[in-house]
1. For segment 163-206, give me each residue that is within 22 Å of residue 141 (Cα to Cα), assigned to a helix (DSSP H, G or I) and in contact with a helix residue (DSSP H, G or I) (Cβ under 7 Å, 6 or more places away or on another chain).
2. Just to be sure before I move on: is residue 61 within 25 Å of residue 204 (Cβ to Cβ) and free of Cβ contacts under 8 Å to residues at least 12 places away in the same chain in the structure I sent?
3. Quick one: residue 132 ticks every box in (1) in contact with a strand residue (DSSP E or B) (Cβ under 8 Å, 6 or more places away or on another chain); (2) at pLDDT 95 or above except a single one, so which number is it?
């Protein structure tokens, strides 16, 4: 019996996805999975208004500290799991910090009003995402405590960027559990909270709530 070409192609695609799913599942049981986190090529600039509020543009040293703090936030959030935070751009899951994010629709670009973070989740095929430096830095400046020093705000920017990346990586790592355990609004002091437009994203401590148990089940040591 001869099958139509479209049926044959469909069978091949299903078989390939199934094979990849089994491979990823077995790998998840045996070894760590890489989560890529890196800063894109930039430039990473504040808006004119934000720079004025800060008392001037960010220096190279300040940007270095922001980058270091953002990575430390990601590493701390995923500590104790078989998730290896790396700078590799070919990692299974990946999030880049971008300086000039652009969200496109059918008719126009929404920059500079694009999302603080976004991800594309492909389940057994991994995922990729980005977090927006300009938006997160702006929020850190706006939500800074009254009379906050410049170094405190710089640290707030680093924390906010790292926490946004933690959230986006969780979208990718949760897979089929993505919808029910992330983007909730029950605890604004959590990594799972659906919006980076809040003071706790940048200042104070965050905690896991609904997602951590699922991450532990999937990727616990």
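1. 163, 164, 165, 166, 201
2. Numbers: within 25 Å of residue 204 (Cβ to Cβ): yes; free of Cβ contacts under 8 Å to residues at least 12 places away in the same chain: yes.
So residue 61 fits the description; yes.
3. Single failed check for residue 132: (2).
The values are calculated or read from the model by the stated rules, or taken from the named source; none is laboratory data. All values reported here derive from a predicted model rather than from experimental measurement. Virtual Cβ from ideal backbone geometry, glycine too; neighbours counted across all protein chains shown.
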